[in-house]
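Notes follow the structure.
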Amino acid sequence: PQELLESKTYADGTLGNAADVVGPLTNGYVTIEDVYNHMSGVAGSTDLNGQGFSVQQVHDAEIEGLTLKGAGFDIQAVQTAQIEGVTLKGAGFSITDLPGFELGNADAKAAGFSVTDLPDIADAKTAGFTVADLTASPEYSITDARDAGFDVSDFDGAADAKAAGFNFDEVWDGFDQGTGNYDALNEGIVLAFSPQELLESKTYADGTLGNA
């Protein structure tokens, strides 16, 4: 394979592109990895996409140290290939490569990234992560939730919202008072805070909770 790939006949395109050589011409005698080793050694390139190979072919070749991004494929090509188990992170892309990331509408979680891959924790919610993802990570806790862009309605209950640093008024206003079990919701909010916190709240002072 090396002699063939180093020949003038291959270099001038007489044999077709690399995909032709691996496929119809040699029926796999010359492998994609042979082409990769030749390209990286001679030209310093790993653009297998430019040599006519598909995402699936390069993925199946399992070349050590080579990602799909490194092989010249873009995000759209990888997504279009729809290879089971392949994430954009696993394909070699960074979280900031994701379309829409700078606009705050990239689903980084679905692309295989974790909260700790974010360059700024403030982007956590807009990148598709939940409070549970945040607290499950080794670097963050529920006290980071507010900084991560989460609001009261993102928590499972008032106690968690309080643990994240929201006060009584924020929690009372943040949960939708018009849905679900109204009495149970209110009771949960009240019980999450101390009597002093409740009595010092604006919600109590303005009469929303009724009289003393």
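The values are calculated or read from the model by the stated rules, or taken from the named source; none is laboratory data. Fair warning: this is a prediction, and the values are worked out from it, not measured in the lab. Please note: Cβ atoms are built from the backbone with ideal geometry, for glycine as well, and neighbour counts cover all protein chains shown. In case anyone asks, the SASA skips ligands and DNA or RNA and just uses the protein heavy atoms, side chains included. Shrake-Rupley method; radii C 1.70, N 1.55, O 1.52, S 1.80 Å.
A search for C-beta distances below 9 Å between a residue of the stretch 20-44 that is modelled with pLDDT under 85 and any residue that is of a type in the set (D, E, K, R) and open to solvent by 50 Å² or more (accessible area, probe 1.4 Å), counting only pairs 6+ apart in sequence or on different chains, returns VAL42/GLU6.
If you go through the stretch 167-212 and keep only what is β-branched (Val, Ile, Thr), under 15 Å from SER153 (Cα atoms) and modelled with pLDDT of 85 or more, you end up with VAL171, ILE189.
Restricting attention to the stretch 189-205, the residues being of a type in the set (S, T, N, Q) and assigned to a loop (DSSP other than H, G, I, E, B) number 2.
Considering the stretch 87-136, and only residues there that are within 12 Å of the chain's Cα centre (by Cα) and among the charged types (D, E, K, R), the residue that is modelled with the lowest pLDDT turns out to be ASP107.
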